[in-house]
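Shown next, in structure tokens, is the structure this report addresses.
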């Protein structure tokens, strides 16, 4: 473990998550402005670390390979099915109506522009998060911190970031279930990245997870 080269990565990830929690929970700009800030943080912080540490090679994270594509596609379809099943099982137990109200009130996302937002979330935002949480917070951190720490740190950061983004949207129990699900999803994404040394396969699975949440969003906006 190289602690001297470990802490800049950990600090950059924590800083990015803390800034976005402040943006989402306190400042609450429109979705377009928030997306630009997130792009600057989640892309800029890894690039800044790579500038000062020549051992960080972000380009290698984008190496394309057909290896594992079928497994990732199957996992993505399974994730899509599990998320939708969980929603249908829980919708009569928990009240999800506050989700769309909070989304509109806090970010300006509404039924009329949700399609554009859903496409951005599914394809662009998911790649940005994979670069930050998997490529940077896991693959780059792993040789410096060890597998166990890298798995736990990247998955927990991923889960807490999303939970902070949705603070006040759900009840405590739904939030807890969401946290567990996000952490488990982060571990799955990490495993694919570790197995195939690329963020493209976890990006594919992430897209399907976003397809599922966006499907739920369309249903809630249409209700």
Cα gyration tensor, the range 1-107 - rounded (a/c under 1.5), prolate or oblate: oblate
Could you list 24, 53, 193, 95 in order of exposure, starting from the residue whose Cβ has the fewest other Cβ atoms within 10 Å? 95, 53, 24, 193
Counting other C-beta atoms within 10 Å, which of 117, 26, 187 has the fewest, and how do the rest follow? 26, 187, 117
In degrees rounded to 10, the 0-90 angle between helix 69-90 Cα long axis and the longest Cα principal axis of the chain is 40
Order by neighbour count: 154, 126, 202, fewest other Cβ atoms within 10 Å first, most last. 126, 154, 202
Nearest 10 degrees, 0 to 90: what angle lies between the long axis of helix 31-52 and the longest principal axis of the chain (Cα atoms)? 10
Mind ordering 128-137, 8-17 by average Cβ neighbours within 10 Å, highest first? 128-137, 8-17
Over the range 139-223: Kirkwood hydrodynamic radius from C-alpha pairwise inverse distances, Å: 14.0
Please report the relative contact order for the range 3-222, taking Cα pairs under 8 Å with a sequence separation of at least 6, and give it as a percent rounded to a whole number. 35
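Bear in mind these aren't lab numbers, they're just calculated from the coordinates by the rules spelled out. All values reported here derive from a predicted model rather than from experimental measurement. Cβ: placed from backbone, ideal geometry, glycine included. Neighbour counts: every protein chain shown.
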